[in-house]
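Comments concern the structure below.
No value in this document is a laboratory result; all are computed from the given coordinates. Small disclaimer: the values here were computed from a predicted structure and weren't measured. Virtual Cβ from ideal backbone geometry, glycine too; neighbours counted across all protein chains shown.
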Amino acid sequence: MILTALNVIFCISFLGFAYVNLNDDDAWLWVSIYMAVCICCGLAAFKKFYPNIYLLLIAFYLVYAVIIFFSEDGLKDWIFKYKRPSIVETMQANKLYIEKAREFFGLMIISAALLIDYIFAKYG
């Protein structure tokens with residue numbers, strides 16, 4: 001019951017995140033990323049689990065997160081070079097390191113959502 005409610009919340013949230021990314025220059029990437037996890041969480045809410053797909057998506061998201069971490073003006077630069085200024089101060093990401101930090105944390109959140117479903121599908 002809790003997992004179903006959690007997946008409904010995840011599904012609706014990720015659908016919203018996909019929607020707000022429609023106007024970005026890289027909308028094709030981020031809408032695809034959010035819709036893939038949205039569909040997985042939506043199916044999991046109806047007790048349809050696909051653990052191999054979860055692992056594939058988690059692997060892609062984590063590799064992409066590592067790329068963002070080490071890229072120029074990526075998360076590493078946000079932490080060490082720019083001394084972690086707020087990434088939620090305004091909704092406009094007027095600095096590249098703010099956008100990349102947000103992207104990194106978004107990838108971590110969706111990977112965690114898929115990991116929860118994977119663990120439940122395999123061991124729950």
With x for Gly and Pro, the residue-by-residue ³J(HN,Hα) of the range 26-38, computed from phi through the Karplus equation 6.51 cos²θ - 1.76 cosθ + 1.60 at θ = phi - 60° and given in whole Hz, is 9, 4, 4, 6, 6, 5, 4, 4, 5, 6, 4, 6, 4
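Name the GluC sites (Glu not before Pro) in the range 73-124 that are in a loop by DSSP and that have at most 13 other C-beta atoms within 10 Å, would you? Walk me through the numbers before you get to the answer.
Details: sites: E89, E99, E103; in loops: E89.
Passing both the DSSP loop test and the Cβ count: E89.
Trypsin sites (Lys or Arg not before Pro) within the range 1-92: which are DSSP loop residues with at most 16 other Cβ atoms inside 10 Å? Each step should come with its number before you reach the end.
Details: sites: K47, K48, K76, K81, K83; in loops: K47, K48, K81, K83.
Answer in residue order: K47, K48, K81, K83.
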Cross-link reach from K76 to aspartates and glutamates, straight Cα distance under 17 Å and at least 8 residues apart if same chain, gives E99, E103
So K48 and D24, fully extended at 0.36 nm per residue minus their Cα-Cα distance, gain in nm 5.5 nm
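How high is the relative contact order of the chain, in percent, with contacts defined as C-alpha pairs under 8 Å that are six or more residues apart?
Working: 119 pairs, mean separation 34.9, N = 124.
Relative CO of the chain lands at 28 percent.
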The set of cysteines in the chain having no other cysteine's C-beta under 4.7 Å reads C38, C40
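With Rg and the Kirkwood Rh both taken from Cα atoms, where does Rg over Rh land for the range 12-53?
Working: Rg = 11.3 Å, Rh = 10.7 Å.
Here Rg/Rh amounts to 1.06.
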With the range 2-123 reduced to its Cα atoms and the Debye formula applied, log10 I(q)/I(0) at q = 0.13, 0.22 1/Å amounts to -0.54, -1.22
